[in-house]
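Beneath this line is the structure, given in C-alpha cells, with notes to follow.
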Amino acid sequence: MDGIELMVEEHKNIKRMLKVIRKACIDVMNGKEIDFKDFKNMIDFVRNYADKHHHEKEEKILFNRMVDEIGGTAEKIVKYGMLVEHDFGRMYMKDLEEALDKANAGDDEAKLDVIANAVSYTHLLSRHIDKEDNVIYSFARRELGKETLNKVNMECDTFEEENIRLGVQNKYIKMLEKLEEKYK
C-alpha cells in the first residue's frame, strides 16, 4: 500500500465532510433548527476519522520520518505549519462542541458560535489539505529515501489493517454517506 496515496484518498472523504458541515451551517443561517445529532456526528467524524485515523498516520508515521531524515526544512514545515493547523482544527471542534451545548441549553447567541467554529474549521482544513496534497506530500516523496518511504508504506498498512479490523473506516464512511444524503 502506498501510504501517501492513502492519505490523499482520505483527504477526499474529509473534503466531502467539509461540504456537509458548510451545508448544515447554511441551513442554520437560513433559520432551520440545529440538528444536534447531526452536528455531534460531524464532530465524531472529524475527531475519529479526520483526526485520530488520518492525522495520526501523518503525525506518528510520515511527519516523524520527514523530520528525522530531512531535518531543518521538514521540521519547520511540520512543527510550525502542519501540526499547528492540526491543533487549530482540534480547537475549532472543541469550541463547536461547547457552542452546541450552549445552543441546546437555549442560548440563541451560541448559534453564531456554532456557525463560526464549523465554518472556520472548513476553511482551515480546505487550505490545509491543499498544502498537504500539493506541497508536503510531494516534498516527502522527493526528499525521503526509498527505504524510508517503504517503512512509511508498511506502517500505514499495519495501521489500516488494525482499523479495518475495528471497523473504523466502514463506520465513518457510512456516517458520511448518510449525512451527504441529508445535506445535498
Please return the ranges of helices (runs of 4 or more DSSP H) entirely within region 65-151 where 1 or more residues are under 17 Å from the mean Cα position of the chain (by Cα). 83-104, 110-131, 137-143
Here the qualifying pairs (Cβ atoms under 7 Å; residues six or more apart or on different chains; first in region 152-166 and closer than 14 Å to GLU56 by Cα; second among the basic types (Lys, Arg) and crowded, with 18+ Cβ neighbours inside 10 Å) come out as VAL152/ARG65; CYS156/LYS57; PHE159/LYS57
From ALA103, ALA110, ALA118, grab the single residue that is surrounded by 14 or more Cβ atoms within 10 Å (Cβ to Cβ), touching a Cys at 6+ places or on another chain (Cβ under 6 Å), more than 30 Å from ARG142 (Cα to Cα) and not charged (D, E, K, R). ALA118
Exactly one of GLU33, GLU58, GLU10 is over 21 Å from LEU166 (Cβ atoms) and not polar (S, T, N, Q), and that residue is GLU33
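Could you identify the single residue in ILE26, ILE21 that is closer than 14 Å to SER120 by Cα and either surrounded by fewer than 20 Cβ atoms within 10 Å (Cβ to Cβ) or in contact with a Leu (Cβ under 6 Å, 6 or more places away or on another chain) (or both)?
Values: ILE21 fails: either surrounded by fewer than 20 Cβ atoms within 10 Å (Cβ to Cβ) or in contact with a Leu (Cβ under 6 Å, 6 or more places away or on another chain) (or both).
Every option except ILE26 fails the conditions.
If I ask for residues that are farther than 18 Å from HIS53 by Cα and either at pLDDT below 95 or more than 19 Å from the chain's Cα centre (by Cα) (or both), which ones from region 152-182 would you list?
Quick first cut of region 152-182, residues farther than 18 Å from HIS53 by Cα only: 178-182.
Of everything in region 152-182, those that are farther than 18 Å from HIS53 by Cα and either at pLDDT below 95 or more than 19 Å from the chain's Cα centre (by Cα) (or both) turn out to be GLU181, LYS182.
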All but one of (1) free of Cβ contacts under 8 Å to residues at least 12 places away in the same chain; (2) not in a helix (DSSP H, G or I); (3) not small (Gly, Ala, Ser) hold for MET1; which doesn't? (1)
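The values are calculated or read from the model by the stated rules, or taken from the named source; none is laboratory data. Only a predicted model underlies this, so the values are computations on that prediction, with no experimental measurement involved. Note: ideal-geometry Cβ built from the backbone for every residue, glycine included; neighbour counts use all protein chains shown.
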